1. When ASN48 is evaluated against the numbered criteria (1) under 17 Å from GLY13 (Cα atoms); (2) surrounded by 18 or more Cβ atoms within 10 Å (Cβ to Cβ), which criterion, by number, is the only one it fails?
2. Somewhere in the stretch 72-85, is a residue at pLDDT below 95, assigned to a strand (DSSP E or B) and within 20 Å of ILE11 (Cβ to Cβ)?
3. In the stretch 44-70, how many residues are over 11 Å from PRO89 (Cβ atoms), touching a strand residue (DSSP E or B) at 6+ places or on another chain (Cβ under 8 Å) and modelled with pLDDT under 90?
4. Looking at ASP54, is it of a type outside the set (Lys, Arg), in contact with a Ser or Thr (Cβ under 9 Å, 6 or more places away or on another chain) and either farther than 29 Å from PRO101 by Cβ or surrounded by fewer than 20 Cβ atoms within 10 Å (Cβ to Cβ) (or both)?
5. Evaluate the stretch 89-112: report whether one residue or more is at pLDDT 85 or above, among the β-branched types (Val, Ile, Thr) and more than 14 Å from the chain's Cα centre (by Cα).
Amino acid sequence: MSAPWDRLPSIVGDDGAEMLRRFRAAVEGAFPNRLGAVVLFGARARENAKPDSDWEVAVFIEDLERSSEGRRLSLLAVPFHAEGFYVSPLGLPADRTPVSPDLLASIDCEGIPVPSPQGLTADEFHYWRRDQPDLHELIQGQPVRMA
């Protein structure tokens, strides 16, 4: 059962959401206390993916060393590829510098957070709240849009 802040199942289905959550857990294990956000973007987030489209995921990590830690992210994806889930992680520094403004705009525009079981990080909430109900307004456990 998904939490009110988890938009993934409605967009990518229960199986896709579960695989993304598992990938996030693998990333958290590989980068303890450094994960800022995991955000699905690209065709899957826009809901115009083809069956063979990959799952583009921006992974924002504190103090990211892009070359070596980017390789570590790629290696984390290998077991998922073996299961037929073609996740393509893109490691990005949590402070968002120096990252292409066009890439960040794309992620910011279409991004959907991959929440942990505990909820969203502050960075992930930024992606959740666009045109979404306010977490502080829940009626009978369901989010309600603010006027």
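1. Only one criterion in (1) under 17 Å from GLY13 (Cα atoms); (2) surrounded by 18 or more Cβ atoms within 10 Å (Cβ to Cβ) is unmet by ASN48, namely (2).
2. Checking the stretch 72-85: not a single residue is at pLDDT below 95, assigned to a strand (DSSP E or B) and within 20 Å of ILE11 (Cβ to Cβ).
3. Count: 2.
4. Values: of a type outside the set (Lys, Arg): yes; in contact with a Ser or Thr (Cβ under 9 Å, 6 or more places away or on another chain): yes; either farther than 29 Å from PRO101 by Cβ or surrounded by fewer than 20 Cβ atoms within 10 Å (Cβ to Cβ) (or both): yes.
Yes; evaluated as a whole, the condition is true for this residue.
5. Yes, that holds for at least one residue.
The values are calculated or read from the model by the stated rules, or taken from the named source; none is laboratory data. Being a predicted model, the structure only gives us computed values, none of them experimental. Counting neighbours? That spans all protein chains shown, and the Cβs are built from the backbone with ideal geometry, glycine included.
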